[in-house]
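Participant: Quick one: this structure, given as structure tokens, is what I'll be asking you about.
The values are calculated or read from the model by the stated rules, or taken from the named source; none is laboratory data. In this text, all values refer to a predicted model and were calculated from it rather than measured experimentally. Using ideal geometry, Cβ is built from the backbone for each residue, glycine included, and neighbour counts are taken over all protein chains shown. Quick note on the areas: whole protein, heavy atoms, side chains included, nothing else; ligands and nucleic acids left out. Shrake-Rupley method; radii C 1.70, N 1.55, O 1.52, S 1.80 Å.
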Amino acid sequence: MNEFLEMGGYAAFVWPAYGLSAGVLVVIAWLSIRDLKNTQNTFEKLSGEKEKSK
Amino acid sequence: MADLHRFANPTRFLKLAGIIQPWALAVFLLSITVGLYMAFFTAPADYQQGESARIMYVHVPAAWMAMFCYTVMAVASAVSLIWKHPLADVSARATAPIGAAFTFLSLATGSLWGKPMWGTWWVWDARLTSVLVLLFLYIGYMALQGAFDDRVRAAKASAILALVGFVNVPIIKFSVDWWNTLHQPASVIKMGGSSIHPSMLWPLLIMAIAFKAYYVWVLMVRMRQELVANKVRILRLKQVHGG
């Protein structure tokens, strides 16, 4: 297991490369989903108000 | 044209997106699991570069996606300019941040590979420099999209930028042939067949599928968000005008 984590002495380069990639992909996906939910909520609120004012 | 405009109907598109999105997520999760397993356990270490060569399985697919996303953005921009297809601008806008993220990742993972192999984090080599220009093009595109209050003008200006900037994509691809670069030349897609061993090629291709599926998944989320945001804008305008 330790041998695997050491990556033949390149651990300091291999793991950051994978960690950074995972981090960036997760953040972009999370932000996109959060934006969609926020916008959907705003839309429902606005269309709700419109219904009431009728 | 009639066929093209059938898909311009956001309701039709939203229905299609609802079907595509979970499938894209499933393909992504499956291929990233298999791809990572192969990248770390079945692929051999390189006989010269040792274990550091495993960086290739994120670096190369990220770089492919950087160019692929820009190409999608340029084609969508052309469709948006010529046919004023409403979904074209939406898809280009939604693609830009994903493409920028992949471009950043290809530069960062390349740097992490370059340090132990070339002895430097960065060189002003034709390949590296042209990819850095690509990152700036993405950033410029996103800035321009946000710089106008009028969405039609924003779409037009940024589409022109995307098209002019497309000249950089073949420059990136052929930079390793046209100039003496520190970066290695193409080995997967080239005349006379791939020069990479299947034990390394397969994990690379599966990781590439994973990144592509990720792109499709996030693209669907972002396009849906853009379309709902359009509706919100229309509702607000109606409120202002007492409609």
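Participant: Using only protein heavy atoms and a 1.4 angstrom probe, determine the accessible area buried between A and B, summed over both sides, in Å² to the nearest 100.
Facilitator: 3100
Participant: Alpha carbons only, please: Rg and Dmax for the protein assembly as shown, in angstrom.
Facilitator: Both quantities, over Cα of the protein assembly as shown: 21.5, 74 Å.
Participant: Moving to a separate point now. Could the peptides B:97-104, B:49-56, A:25-32, B:14-21 be put in order, highest first, of the mean number of other beta-carbon atoms found within 10 Å of their residues? Mind showing how you got there, number by number?
Facilitator: Working: B:97-104: 24.4, B:49-56: 21.8, A:25-32: 16.0, B:14-21: 13.6.
Top of the packing list down: B:97-104, B:49-56, A:25-32, B:14-21.
Participant: Determine the shielding of peptide B:55-62 by partner chains: average, over its residues, the number of Cβ atoms on other chains within 10 angstrom of each Cβ. Provide the component values of the computation, followed by the final result.
Facilitator: Numbers: counts 9, 1, 3, 7, 2, 0, 1, 4.
Average neighbour count from other chains, rounded to a whole number: 3.
Participant: Okay, next question. For chain B, what relative contact order do you get, as a whole percent, if you take Cα pairs closer than 8 Å and at least 6 residues apart? Provide the component values of the computation, followed by the final result.
Facilitator: Values: 269 pairs, mean separation 77.5, N = 243.
Reported relative contact order: 32 percent.
Participant: Treating the angle as unsigned and between 0 and 90°, give the value, to the nearest 10°, between the Cα long axis of helix B:151-165 and the longest Cα principal axis of chain B.
Facilitator: That works out to roughly 30 degrees.
Participant: Principal axes first, then extents: for the Cα atoms of chain B, list largest minus smallest coordinate on each axis, whole Å, largest first.
Facilitator: In descending order, the Cα extents are 71, 36, 31 Å.
Participant: Assuming R0 = 30 Å, what is the FRET efficiency of B:ASN180 and B:THR71, from their Cβ-Cβ distance, to the nearest 0.05?
Facilitator: Working: r = 26 Å, r/R0 = 0.88.
Efficiency, from the Cβ-Cβ distance: 0.70.
Participant: Tilt of helix B:168-178 relative to the longest C-alpha principal axis of chain B, in degrees (0 to 90, nearest 10)?
Facilitator: So the inclination is approximately 20 degrees.
Participant: Given the whole protein assembly as supplied and a 1.4 Å probe, what does the accessible area of B:HIS183 come to in Å², nearest 10?
Facilitator: Approximately 40 Å² of B:HIS183 is accessible to the 1.4 Å probe.
Participant: Here is a further query. Put +1 on the Cβ of each Lys and Arg and -1 on the Cβ of each Asp and Glu in chain B; which of B:GLY119, B:PHE104, B:ALA155 then has its Cα farthest toward the positive end of the dipole?
Facilitator: B:ALA155
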